[in-house]
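Structure first, then comments.
The values are calculated or read from the model by the stated rules, or taken from the named source; none is laboratory data. No experiment lies behind these values; they were computed from the predicted model shown. FYI the Cβ positions are ideal-geometry reconstructions off the backbone, even for glycines, and counts take in every protein chain you see.
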């Protein structure tokens, strides 16, 4: 039986098709996901990279920005799993990959990180310049990384990151179209008080000409666009394309991360820590998020009010984006931007989400006095060790810089994903596959991470 499962595992992994600057996605799996893997369905929605997809039309149009204030008080039931979301941003403001839980003691939400797993919470709408603030407590301990970022489909990135071994430092960074530049001074630290014990307000004010990072209302860093001019490419390496708000919790100090990543994350992670013993997971606490949208750049072509779209398959700067009324919803889960309405039989077929994935009990004591359930895409308990992350990068990086994914590459089942940044490393699958995947990965999880 184990031999048969191993063969099946290798078969699933062999389906993975990576997408990057050297290889675009094929027509059969036309969408390049945020984690660098080709597929359909959710791969064509938030984070779909038009640069490396089969064509720019394979990625679905991006829902436009909307001013929102979200208070995460008994809010988890309103969120949708990333594998059930079909693009209707009006039905849900936030999607998740991994483990989330209401924390009624503090009228907040917990992002949890069980053994070898991680969690990402993403906005369904994109922000094209705006002010974004989050009130939160980070996680703690060496090797545990909490992040609050803006991330675009072409990998423009604005980072606020927290290393669990240093709870009085806020790390800020930025990237342009995924280019990692170790010679320029991209990173800058801001000092504050204990980020695990105390709530702080972290804010990114993203203007066309500058970005500020603030902590508790005090600006700690300002980056001006004119500081980012690249004399070689004649381009300003400044984040400038519609981006999703993303929060993540990931094990930068896991043993299968690259040495440089482990060192940057504060050292090896302790999976026998007090948090793991008491709750079965590390955690960060999110109380609220506020998004204020700014006007699009002057000169932007506006043919509608629904979505943003890239118009040039060679130039992915802000000048090549339009605002129109193109739809953002897939009719069926296996569809793509090339055939979003295929198989549609009625208006009900285009609803973006169904019932959220089944809740699963966390191991040990729950980090709440009134709720004892972790909501998980994977359908595994928080004590499971089914998944792992690996990295080929030898250097510290941002959220998903230098990504190398080993996903199964299909719309229906996603295997482990690997990244040098905060990409999710858990096994996240729809409910109908959860039981099978859980059994399979429990037996051969250690093999999956190294197959490719």
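Tell me which residues, restricted to the range 25-46, are within 21 Å of residue 157 (Cβ to Cβ) and in contact with a strand residue (DSSP E or B) (Cβ under 7 Å, 6 or more places away or on another chain).
31, 32, 33, 36, 37, 43, 44, 46
Working carefully through the options 278, 303, find the one that is surrounded by fewer than 16 Cβ atoms within 10 Å (Cβ to Cβ) and in contact (Cβ under 8 Å) with a residue 60 or more places away in the chain.
Matching residue, one of 278, 303: 278.
Quick one: residue 234 ticks every box in (1) on the phi > 0 side of the Ramachandran plot; (2) surrounded by 15 or more Cβ atoms within 10 Å (Cβ to Cβ); (3) modelled with pLDDT under 95 bar one, so which box is it?
Answer for residue 234: the failing condition is (2).
Any residue at all in the range 131-146 that is free of Cβ contacts under 8 Å to residues at least 24 places away in the same chain and more than 18 Å from the chain's Cα centre (by Cα)?
Within the range 131-146, none of the residues are free of Cβ contacts under 8 Å to residues at least 24 places away in the same chain and more than 18 Å from the chain's Cα centre (by Cα).
Can you work out which of the residues in the range 313-330 that are touching a residue at least 12 places away in the same chain (Cβ under 8 Å) and more than 23 Å from the chain's Cα centre (by Cα) is farthest from residue 61 (Cα to Cα)?
The qualifying residue farthest from residue 61 (Cα to Cα) is 319.
Which condition from (1) surrounded by 24 or more Cβ atoms within 10 Å (Cβ to Cβ); (2) part of a loop (DSSP other than H, G, I, E, B) is the one that residue 28 breaks?
Among (1) surrounded by 24 or more Cβ atoms within 10 Å (Cβ to Cβ); (2) part of a loop (DSSP other than H, G, I, E, B), the lone unmet condition for residue 28 is (1).
Taking the criterion of being more than 20 Å from the chain's Cα centre (by Cα), modelled with pLDDT of 95 or more and under 30 Å from residue 61 (Cα atoms), would at least one residue in the range 284-293 satisfy it?
Looking only at the range 284-293, we keep the residues that are more than 20 Å from the chain's Cα centre (by Cα), and these are 292-293.
Of the ones still in play, those that are also modelled with pLDDT of 95 or more are 292-293.
Those left that are additionally under 30 Å from residue 61 (Cα atoms): 292-293.
Yes, the range 284-293 contains a residue that is more than 20 Å from the chain's Cα centre (by Cα), modelled with pLDDT of 95 or more and under 30 Å from residue 61 (Cα atoms).
Could you look through the range 187-210, keep only residues that are within 19 Å of residue 152 (Cα to Cα) and over 21 Å from the mean Cα position of the chain (by Cα), and pick out the one that is surrounded by the fewest Cβ atoms within 10 Å (Cβ to Cβ)?
Step by step, filter the range 187-210, then rank; the result is 209.
Only one of 239, 251 is under 21 Å from the mean Cα position of the chain (by Cα), closer than 30 Å to residue 141 by Cα and touching a residue at least 60 places away in the same chain (Cβ under 8 Å). Can you tell me which?
251
Looking at the range 248-269, is at least one residue under 28 Å from residue 82 (Cα atoms), surrounded by 24 or more Cβ atoms within 10 Å (Cβ to Cβ) and touching a helix residue (DSSP H, G or I) at 6+ places or on another chain (Cβ under 7 Å)?
Within the range 248-269 (the criterion being under 28 Å from residue 82 (Cα atoms), surrounded by 24 or more Cβ atoms within 10 Å (Cβ to Cβ) and touching a helix residue (DSSP H, G or I) at 6+ places or on another chain (Cβ under 7 Å)), the answer is yes, since at least one residue qualifies.
Give me the pairs, please: first residue somewhere in the range 204-218 and in contact (Cβ under 8 Å) with a residue 60 or more places away in the chain and at negative phi, second residue anywhere and in a loop (DSSP other than H, G, I, E, B) and crowded, with 16+ Cβ neighbours inside 10 Å, beta-carbon distance under 8 Å, and either six or more positions apart or on two chains.
Matching pairs, first to second residue: 206/129; 206/239; 207/129; 208/129; 208/240.
Which residue is modelled with the lowest pLDDT, if the candidates are limited to the range 83-114 and must be assigned to a loop (DSSP other than H, G, I, E, B) and buried (at least 22 other Cβ atoms within 10 Å of the Cβ)?
83
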